[in-house]
Every structure is written in structure tokens, then in C-alpha cells.
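Okay, so here's the structure we're looking at.
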Amino acid sequence: MTLYIVKCELKKIASLPMLWIFFSLCLILNVGIIEGYRYSNVDDSFISYVKETAAITGTELGGEFSERLAGLKDSEEKRRLYEETYEVKNIYEDLKAVDLGQAYISVYALPDRWAALMRNKYRCLQPMVDELARSNAGFSLYAAGETKNLHDLLFSILFRTVTGEACVLAALCMIFLYGYEYQNKTEAVIYASYTGRNIQHGKLAAGLLFGCLSYSLIAGITLLIYLGVFDYSWIWSSNVSSIFNYVEEITGIKPFLTWIPFPLWEYLLAMLGLGLVLTLIFGLIGAVIGRLCKNSYLGAVLFFLLALAMMTAPYFLAEKDLWSGYFISQFLPVCLWLSSSVWLTDMGIISLIPFHETIGLFGNVIIWGILTAVSSRHFSGKDVLL
Amino acid sequence: MLSVEHVTKKYGSYLALENITLEFENGVYGLLAPNGAGKTTLLNMLTTLLLPTEGEILWEGTDIAALGKQYRNILGYLPQHFGYYRDNTPKQFLRYLAALKGMDGKTAAPRIQELLKLVALLDVADKKMKKFSGGMLQRVGIAQAMLNDPKLLILDEPTAGLDPRERVRFRNLIHSLSQNRIVILSTHIVSDIETIAGKIILLKNHELYCCKSPGELCNMLAGRVFEVPADRKLSKPYQLLGEHQTEAGTALRIVCETPPDGFSPVAPNLEDVFLYVYGDEGGK
């Protein structure tokens, strides 16, 4: 398989006008989300004040921080910041992770088998809680009282949207590429050539490469716009487990507990990396569907039906108290995407193991990789009905 | 060089071809049968697009399925419905197909130029194919089939949709390409092959009817083809081949085991054989 063939396959995708329309709509939507959320939820003037203050007080809460803050000129923003930061406690010092697990067990009435696994997960989390307590991660200023808003916008809304867009694009473009010869009636000429049915390897490579490119472009441009709107230069080193960052769930409010300590920039990079892996998984899903279904339009419908089934599976299974099915379904690619706002954290009721998303994503790469290989192999020894 | 040995093809319970055995040496072979007789199925098996249900196809003694790309490397194929990328120019499309045929850019470029000249498309080499006529597209099709200078050239209904002038030009082109290679040309139009095919394969009822030279085929009807006026009542049983206009009026062309009174047999042609063999099955 020559690079030239991969390049030609990429060209086929790029020649699709719908691609560029979809791409533009994604960017317009993302800008709309940023501006809409900023307008309705974010207090820009307070963030600017925290930024200016942090240059004087530093970004670690404590006595010294409060003293320096007290010495600053009075203002509405100062009073708010002072209230938010005065005599804050190290919440991780007294936190028993097992208690968090117990809350899920009680609220969801988990059967013993799953309750034991849930307790075990939170027992595994305790050393991390201790580490967060020891390193004073909770005292990280981040964006003070606006942290939750900023974090939610970037990771709960924008990241999920961007990843979703790239995943849909990766899957649909792969389906389109696999159905391209059927649409153009070029199957006979191509499959009877020297390369023959092995053209599918070129299509797979091009489709995955395109997935990476589209994800990088959408995520890159959206992030640039986001960072143009919100100045992050002063908070990159803040710990994402700051007391100002938290998760609201049916069991109550809990800290943003990651499995390893993450400065914001490292957390963002890790999330972007995992998002790329998820995009590749959707590319592989597209390859399997494209191989099974010659007609691209039918393939696209099949993809959305499959995604819908994956999306609703956990709700259906939980409703029926089928807990084993529920926990397994949380590893489905669409469910992993839906839970992306809490990736690299304890993930609450969604998960029974540490690093659920990482294991789930790499497991999916293997599973969908095998399915792609099996479908390709099947195609290699199958009649091409024209 | 190429042999088809007891090949049968079934689609589920539908029998498309049964027990076909053929041998091909260099030269032009015409595959003549009405639509639906299994021509395309046979060709699709020769091009590895379909796999035989039974039997095997051998290239120089080795199963083509086992040879895989090695076999496809010596194969040139123009399918019945030649698809193309509408927004490509012939040059771009041929360059892409050359890559699929394992040719590098340096080898492909002069070959593409040479073939475009051969099929008289050099002046439109950089024009998008969506504006091309059916004849021009077929010429692109023949150029792509010849890219790798194949030892086995398979053309499935190559003249379908062409006007008479283009059909003649195409026939001459095929003839010029037929040196030192096997050319298998499938058609249901007798005139496409009667002057250029060394052997003609007839399929009937999904089986091989015969594989003979045009002369041998015509000899099958020697002394049995007659032309009689349309208004003449014939007492002996006959098979009508067709009717045509003569200076004396409408004449019937018939096959008759015993000569009608007062008529001498005429020289049979390939079309007579086709009509005689396929009788009620349709076709031309």
C-alpha cells in the first residue's frame, strides 16, 4: 500500500462538500457555546480580578494569601474573593474515600457483589486522597469562585461537544470512504487491480488519519478561540482538584478526585489524548459498518441507530436492575463519550475500577480493531457482487 | 495459459453457470450469449471478483485465487458498467489506477501519456470526466485496462452504448491491442467480434455450448440457411432467423434441414449461428 494511495483516499474525503459544511457548523456551534455560556454563567470581571490578585498573592491559599489579599484595595470582587478563600480547610485531610463509595451503594441500593467492588474502588482511591491532602492540592486557587463555571465549560460542555463532533465525523467519513467505490461504480475496476481488495487497508489508514486530523483541527481551533476569550496563562499550573472544583451528583457534592494529581495543563493534555483515542475508536466503528454496509447512506443510518442503542443501554439496564449489564455498558464507546466530563476521576456510580475511561478506551481500540480485522478478512475472501 | 476447469457458480440456490471448462491461449476470444446467460459471472470469476462454487481457474497451472495479486498484476479489465470519479481528469484517474496496479509515478506517467494518445484522449487529458461522452469514457476504460500492459485483457460488453462509428473505432483498437496476449471480449452484439475473434465461446442454459472459430461455427449451418420471399408459403419445417429488405421485397432468412423447392442455400454468417443457437432466448 503506497502513501500515494492513502493520499488519494484522503482526497476523496476532502472532496466531499458536506464535510466542510459540517466542519463549519461545528465551529459555529462551538463558538456559540463559548459565548453563550460566558454571557449567562461566567463573571468575567471577577476572573480578571482574581488574575490580577494572584500576581500579588500567589495561587496557593493559606494565611499568607489571606494577609496579602487583606492588604489590597477594597472592592466588590475583593470581598467576594476574601469570603471564598478565608480560612479554607484542607478538605482532603479528613476525607474518607470509602464513605463516598458507601453513599453510591446506599442511594442506588447496589447488590452485595457490586457494592464490594465499589468499596474496593474507593479504597484504591484513598492513597490519592492522602496525596492530595499532603500536597495541599485543595488550596490551589484555580479561578476561585468561577472555577466550577470555567471547568464545566471547558471539560463538561466544550470537550464533550468537540469530541462528539470529531467522533461523528470520523465514523461518517470512514463509512463514506468504504462506500465510495460502490457509489461511483468503481468496485470492479479497483478490486480486479493488483491492489484489489487490499485497498481497504489504504481506506482504513486514510480514514484514521482523517479522524486524527479532524479532531486536531476542531479541538485546536475551538481551544484557540476559547483561550482567546478566557485568559488561562495564569492558571495552567492550578491543580484540578482545587476546593473550588467539585462534582454535583445525586449523592451530594464531592471534590474533583482524580486518580493522579493533575495540574490543569496536564489534565487538558491527558483529556485531549484520550479524546483522540475515542475518535479513533469511532473511526474503527465506521470501518466495521462501512465493510458490512456498501451503501454509505444506509451505513450512516446504521451508525446513528447503533449510537442510540449504546446511549440508551445503561438507562435501560439500570432500570431493570441488571447491574452487570449496566457496568459493562459503561464501557461502550458512546457511554465513554458521555462520561468524558469526569474522565480520570473516580467517576462515581459509572465505574467500578480505577482509570475506567483509560481501560475502556484502550479495550475498545482492541475490540474494534479486532472487529475491523475480522470484517476485512471476511471481505478479502468474499464475492464482490456488483 | 489460462484454463477454466469444471467451474460452477451458484448464488444460493440459483445456478448461474455449470461445469464450464475452457482453455485460453494468446488471441481474441469472443464470449457471445444473450443477456443473462452468465457472461458477466464468468468474467467476474476470471477477474477474481467472484469465487467459483466448484472447480478452479488456473493461470499457467496455478489457481488464480492462490496467485492473488500476482495474477491480478497480469490482468486488465474493463467491466460492463465502467465507473469513474466524475471530478477526476483522465490523467488523475489513470494515475490513481496505476498506483492501484502497483506502478510507481515514474513508470506510470509516460505510460498514461502513451495510452491517452492511443485512445485519442490526449487533448482532453486534463478535462474533468463528468463532461465526457459514453464513447470517451469507454476509451478511458480501455486505457485503464491497458495500464499494466496485461497478458490477459478482459472486456465486458465494451461497445454497449457506443454509436456505430465509435464501435468500429473501438473494434479496431481492440484488434491492435490483441498481439501477444489473451483478449476475452464479452458481447451480445455479433458484429463486435465476428471480424476480430479467433474463437467464439457460446453459453447456453448456463452451460458451455461450444468454443469454436467463427468459420467452424458458420460451418455448423452450412447448406441449411436460405433466403426466401416473405410471401412464399413453405411446406417444410424451418426456423426463422430474421427478415430483411431486398430489391425484390421482404425476404425471410431461415434454417431448414431440407432445401425449400427452388432455393439454394446461402452462406451462413455468425449472426445466423447466434440466432439459431439462442432461438427463443432473446438477445439481438
Revision key, fill the gap. What helix-only [θ] at 222 nm does chain B give? Using -39500 (n - 2.57) per DSSP H run of at least 4, over all residues, to the nearest 500, the answer is -8500 deg cm²/dmol
Exercise for review: Return the loop-located chymotrypsin sites (Phe, Trp or Tyr not before Pro) in segment B:217-284 (DSSP other than H, G, I, E, B) with at most 15 other Cβ atoms within 10 Å of their own Cβ; answer none if there are none.
Suggested key: B:F263
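Compute the Kirkwood hydrodynamic radius of the protein assembly as shown, taking the inverse of the mean of 1/r over all pairs of distinct Cα atoms, and give it in Å to one decimal.
Kirkwood hydrodynamic radius for the protein assembly as shown: 30.5 Å.
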Point to revise | Nearby lysines by direct alpha-carbon distance to B:K117 (threshold 16 angstrom, same-chain neighbours under 8 apart not counted) | key: B:K91, B:K127
Check your understanding: How large is the charge dipole for segment B:223-267, taken about the Cα centre, if only the Cβ atoms of Lys, Arg (+1) and Asp, Glu (-1) carry charge, to the nearest 20 debye?
Key -> 140
Review point. Between A:E131, A:E249, A:E187, which gets the highest mean-square fluctuation from a Gaussian network model of chain A, Cα cutoff 10 Å?
Key: A:E249
Review point. Size of the dipole of segment B:2-213 about the Cα centre, Lys and Arg at +1 and Asp and Glu at -1 on the beta carbon, nothing else charged, in debye to 20?
Key: 920
Practice item. With springs connecting C-alpha atoms under 10 Å apart, model chain A as a Gaussian network and identify which of A:S329, A:S376, A:S106 has the largest mean-square fluctuation. Key: A:S106
Point to revise | Mean separation of Cα contacts under 8 Å (6+ apart) over length of chain B, as relative contact order % | key: 22
**Study point:** trypsin sites (Lys or Arg not before Pro) restricted to DSSP loop in segment A:1-109 with at most 16 other C-beta within 10 Å
**Key:** A:K73, A:K89, A:K96
Check your understanding: If we restrict to alpha carbons, what Rg and Dmax does chain A come to, in Å?
Key -> 24.1, 81
Review point. Calculated FRET efficiency, A:R123 and A:E83, Cβ-Cβ r, R0 41 Å, to nearest 0.05?
Key: 0.70
Check your understanding: What number, rounded to the nearest 500 deg cm²/dmol, is the helix-based mean residue ellipticity at 222 nm of chain A, given -39500 (n - 2.57) per DSSP H run of at least four residues and division by all its residues?
Key -> -22500 deg cm²/dmol
Review point. For A:375-385, what's the mean count of beta carbons from other chains sitting within 10 Å of each residue's beta carbon?
Key: 2
Check your understanding: Share of antiparallel DSSP beta bridges in the protein assembly as shown, in percent to the nearest 5?
Key -> 65
Review point. Between B:E5 and B:H81, what is the spin-label point distance in nm, taking each point 7 Å from the Cα along the Cα→C-beta axis?
Key: 3.5
Practice item. Among B:E257, B:E157, B:E194, determine the one that fluctuates most according to a GNM of chain B built with springs between C-alpha atoms less than 10 Å apart. Key: B:E257
Review point. Around A:L100, with a cut-off of 12 angstrom between Cβ atoms, what is the net charge of the other residues, counting Lys and Arg +1 and Asp and Glu -1?
Key: +2
**Study point:** Qualifying aspartates and glutamates (Cα of each under 18 Å from Cα of B:K69; at least 8 residues distant if same chain)
**Key:** A:E187, A:D383, B:E56, B:E60, B:D104, B:D149
Check your understanding: What accessible area, in Å² to the nearest ten, does a 1.4 Å probe give for B:M136?
Key -> 40
Practice item. Sequence neighbours fewer than 8 away in the same chain don't count; with that in mind, list the aspartates and glutamates whose C-alpha is under 17 Å from B:K128. Key: B:D87
**Study point:** Cα shape, segment B:1-71, gyration tensor, a/c 1.5 rule
**Key:** oblate
Review point. Averaged over A:179-185, how many beta carbons belonging to a partner chain fall within 10 Å of each residue's beta carbon?
Key: 2
Point to revise | Set A:K185/B:K212; B:K39/B:K199; A:K11/B:K106; A:K51/A:K96 screened for pairs whose C-alpha atoms are more than 25 Å apart | key: A:K185/B:K212; A:K51/A:K96
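Other chains' Cβ within 10 Å of B:42-53 residues: what's the mean?
That average works out to 4.
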Review point. So how much accessible area does B:R111 have, in Å² to the nearest 10, using a 1.4 Å probe?
Key: 40
Review point. Among all helices in chain A defined by DSSP H, which have a length of 30 Å or more along the axis from Cα atoms plus a Kyte-Doolittle mean of at least 0.0?
Key: A:17-41, A:159-184, A:199-229, A:264-292, A:296-319, A:356-380
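I'm checking a number: the convex hull volume of the Cα atoms of segment B:2-213, normalised per residue, in Å³. What is it?
Measuring per residue, one finds 118 Å³ for the Cα hull of segment B:2-213.
The values are calculated or read from the model by the stated rules, or taken from the named source; none is laboratory data. Note that the structure is predicted; figures quoted are calculated from it, not measured. Here the Cβ is made from the backbone with ideal geometry for all residues, glycine too, and neighbour counts use every protein chain on show. For accessibility, only protein heavy atoms count, side chains too; no ligands or nucleic acids. Shrake-Rupley method; radii C 1.70, N 1.55, O 1.52, S 1.80 Å.
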